Structures are given as structure tokens and as C-alpha cells.
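Colleague: Below is a structure I'd like to ask you about.
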Amino acid sequence: MRFSKQCMLLLVALIVLASCSDDIERQDSADSGETMRVAQTKPDQGQSSIGNDSTISWFTGSVEAAFSHAKAQSRPLYLYWGAIWCPPCQEIKSTVFKSNRFIAQSKLFVPVYLDGDTRLAQSWGEHFGVKGYPTMIVFNPDGIEITRIPGGIDVSRYTRVLELSLNSMRPTAMLIDLSINNPGDLQSSDFTQLAYYSWQQDHTALPEDQGSDLFKSLSEMAQDRNPEASARLYMHYIATLAEERKTKTVAEESGKVSANQHSAMPEAIDRIKLILASDDLTLACWDYLTYYSESLVSLISTAGKTRDQLIQLWQEKTLSLHRDKLLSTAEQLAAWFPVLELFWLTSPEGKLAAELILKLKADVAHADKITRSPYARQSVVNQINHLLQTAKLYDEAEKLLLAELKTSNSAYYFMSSLAGLSEKQERFDAAIKWRKQAYESSQGDATRFQWGATYIRSIIRMKPDQHDLIVATSIKLFDVLESSDEVFAGRNFQVLTSLNGKLKEWQAEQDNQESLAPFHKKLEQLCAEQEIASQESKNCTRLLEGLVISAA
């Protein structure tokens, strides 16, 4: 089926917080063939259960059939796009999908689970504009996108936002237009929808001439009518501004724009202090406060007494709420990130207090002990690993990961974590060995393609003189995909684009213009197999632009 232009207004770009959308780089940290089926008994494939009979009845037909069914039944459609190995995906499955409230809500819409390794899942991902795992989209019965709900928020807020989207059915694209042209028409519930939209997964949701100032304006408009939404919109304003400043800094360094040293932002300091003064607002902004603390503090305050006071308040507040019952185990652990990252910000050569380390170790040991489900552990152990590495407790992180390999259903993910840890410690042979093992043991076409590309990039970084291995592995990588149609679609295309860029840089550094000729010829061959005028064919053209295909 073909959707309307309205349905395609919001296209996903980056994962950022609490998502796997950036794993492409972080890992360096009875239907037709188009049927998307969901097993009804395996929790790793989307099935969620409470007791014996409370389950989510995921739609078992094709994606086209799901939208047709939703329209015929006049029911909205909830699309979940994820992967078995993805920690934030397992977090959603272990929390939201096990919530009685969500299970009850699921009966009101047509729930569709789309695993990224399913046949043609990447093509559908391209169609919906999704990029990172997990992506969760609500469509109205006519197939028009309403909103995208982020991970990293607690279950009660997640289900509340979902309920709101089911009730209001005003597309976020419409709300953005109102925000710019007719802000007086925005309702209190609209601010909630905007505040809990998955902006980090959708860099094209805003018009090109709009940015951080829009979120500041929305926060001001919502302040009296909807304080919680106002707080989140303000935090997103600061996060967006930090990203804009980062992009500007890169441009300044390249000489594209003139340098402009930013100053402290007293109004932002005061506003964040007000948010931190409230338990409810702190929890509502938990994802921003825990995962963006270093970049936000660096943006809004210069070194000195004011920054020190803000940091102390920030650290004390998140840690005081880290056992709040609204937070999952993984999100409780996130309270430690501001404690650790802001310490290193102010004391880059310092040493964590022994008492603090003991408290951190006690918390991670507790989380490790109480998390028994292998699927929940995918999220919790991943969080513990990042915490231990942030605390520079590398031996403890390695011990944790090695132990998890024995029981994990997606051990290859933690092999990649071990590779990243080894590389950080400049143990390059071990790092490449782990990357190779992760690639060879990974499951699923799209996953193996991503893990293989990550393995190749690791060789380029650490053993760039291995010319034959790099080229041969790059060509062989295409063999893991069942169909050439999937090479230039969805995350596969993102992976390929990233790999191609790294290969071009490597070729230039090695001063060997002919080394990649076989790889480029393979790309040209695969491009020729794509249907003319298809999105995959257009992606091919974009990829091949600037490449010189050797006649050899």
C-alpha cells in the first residue's frame, strides 16, 4: 500500500538517548514474502505476558494487512520497530510491554511488532523513515502518523502519553505547524504530546529554519498551563542548543564560520534549579538530567562557584531519587551518570572517593542480583557496563561482561562491548578479536551486516595496513544479506554509508587509489539490480556519487 504524503512528514534520524540509533557508530561501542510475523510465545520476539492470560496480541499478518485492518476496524495502529540485541528494546519489553495498563491499551489499537532482522523489515523501516531501535509510532486509522513516543521515560508517563495520542489524534506535524504559525490554538494536551515526542529519533520533524528557540517559546507558553510539559520542553531547548553549539564549534574549527565564544546562561541555571527542586519535575525530565548532564552543564555555566553549586544540586537530586518506584532498574542506575560525569568534568585528573566507589558497586551489585530475566538483563547489564566504564572501573566492567557471555541470549552484543573496552585500553589485538567473534556469532541479516561493518571499521582504525583483509571482508559482507533489495534500505543503508565513508578515508590515508576498486565494482553491480526509480535505487545513486569505479 502507499501512504499519503502526510504520513511521511516525520522521518527518523538519530537515537540518542536511551536508544540504539547510534549503535552503528557506538559499536566501534500465509502471506507473501513481505509478511511480518510475530511468534506468540517467545518474549524475545515481542510477546509480553502477565500471569497466564494477560498478553499483547501482536498482529500476525503483513504490514499492509495491519494498516488495512486498522482502517476497517477504525482503530489506530501502534508500530514497534526493534531488535533482539538492542538494550533499550529489551528495556521497553521488560517494562512497558509488561505493564497491565499498556496491555489494556493495546486492545484499543492494532499493535504491530517489526523486528529489524525480519525479511524486508529494513525496506519497511525506510518507508516509515525509522532509523534507530527502538522506534514506536502511533498512526490513526487512516494511516497518518500521529506521534513517536521515546524510550527512557517511566511506564506511567509512557502509557499516559500513549493514551493522550489515542484520544486526541492530532498529528505532531500539525502541532509543529500550529506552534510556528498559530500557537494560540495549542491545547494543554498538545504541549504534553510535544514534550514527550521522540525528537532525538527524528531530526527532520522540524522545518529547516526552526531550532532550539522554538522549544524555548513552547516552554514559556506551557509554563502556567502545563508545568511538566514546560519543564521537558525547556530541557529539550537546552539539549538542542547544546547540539547547535557543538555543530557551530565544528564549523568554527573548519573556518566555515567566525568564532563566537558562548557565555554563561543565568536564566537556564535558575530554571534547572527550579526543576531540580521538584521531585515530580526531576522525574519527568529524568532522561535529560541523567544522560545529558555533562553537555548541559558545560553549555549553561562557566567554571566557578555557580557551576559548583549547580553540579552539587544536580548530583544530590538524581541520586536521592535513584530508587524511586516509578523508575525501572536500568533507569535507577542512570542516576549515577551525573555523579560520575560531572565529577570528571570538574576533576579530569581526580580520583573518585573510596566511599563513593563502594556505594556505586553496591548499587550495581544489587541491580545485577535482582535482574534475573535474560531479556531484562540485556538492558541492565549494558547500563552497569557503561557506569563502570564511566567510573573508570575497567576490570570490574570486563569481569561483568565476560560473565554475561555465558548466559546472554545476544552474547555478541556484549562481545562488542568487550571490544570497545579493549580498544579503550589500547589492547588492539584483543579488540579486533572480539569484534570478529561478535560478527561471526551475531544472528539475523541486518544485525550481521551491522556487526560486520563494525568489525571492518575496527580493523581500519587499529590495523590499517591489513589491506587484503579489509577489502576482502568488505566485499564478503554483502553475502550476509538474503536479498540485494535490503542492501540500500533502512539501517542497512546507514551502515553501508558509514562504512563506505570510512573506507574512502582509509584509502586516502593509505595513498592507494586502486585498493577499493573491487568493493566499488560490487556496489555498482548491486545498484544495477535495484528497481528503477525505487528508493533503494535513489539511495544507490547517493552512495555512488563521487566514486570512481575502476575499469580494472
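Colleague: Given (1) acidic (Asp, Glu); (2) surrounded by fewer than 22 Cβ atoms within 10 Å (Cβ to Cβ); (3) outside the structural domain of Lys98 (by TED's automatic domain parsing), where does Asp190 come up short, assuming only one miss?
Modeller: Condition (2) is where Asp190 drops out.
Colleague: Can you name every residue in region 293-321 that is in a loop (DSSP other than H, G, I, E, B) and modelled with pLDDT of 95 or more?
Modeller: Residue satisfying the conditions is Leu321 alone.
Colleague: A further question follows. Inside region 83-142, counting only helices (runs of 4 or more DSSP H) that do not spill past its ends, which hold 2 or more residues that are over 20 Å from Glu482 (Cβ atoms) and touching a Ser or Thr at 6+ places or on another chain (Cβ under 8 Å)?
Modeller: Once the helices (runs of 4 or more DSSP H) in region 83-142 are filtered for at least 2 residues that are over 20 Å from Glu482 (Cβ atoms) and touching a Ser or Thr at 6+ places or on another chain (Cβ under 8 Å), what remains is 87-94, 100-106.
Colleague: Related question: Suppose the filter is of a type in the set (S, T, N, Q), closer than 25 Å to Glu91 by Cα and not assigned by TED's automatic domain parsing to the domain that holds Ala83; does Thr346 pass it?
Modeller: Here the answer is no, as Thr346 does not meet what is asked.
Colleague: While we're on this one: Run down Phe215, Phe191 and say which single residue is within 20 Å of Arg271 (Cβ to Cβ), in contact with a His (Cβ under 8 Å, 6 or more places away or on another chain) and not small (Gly, Ala, Ser).
Modeller: Working: Phe191 fails: in contact with a His (Cβ under 8 Å, 6 or more places away or on another chain).
The match here is Phe215.
The values are calculated or read from the model by the stated rules, or taken from the named source; none is laboratory data. Treat the numbers as computed from the prediction; the structure is a model and nothing was measured. Cβ coordinates were reconstructed from backbone atoms using ideal geometry, including for glycine residues, and neighbour counts include every protein chain displayed.
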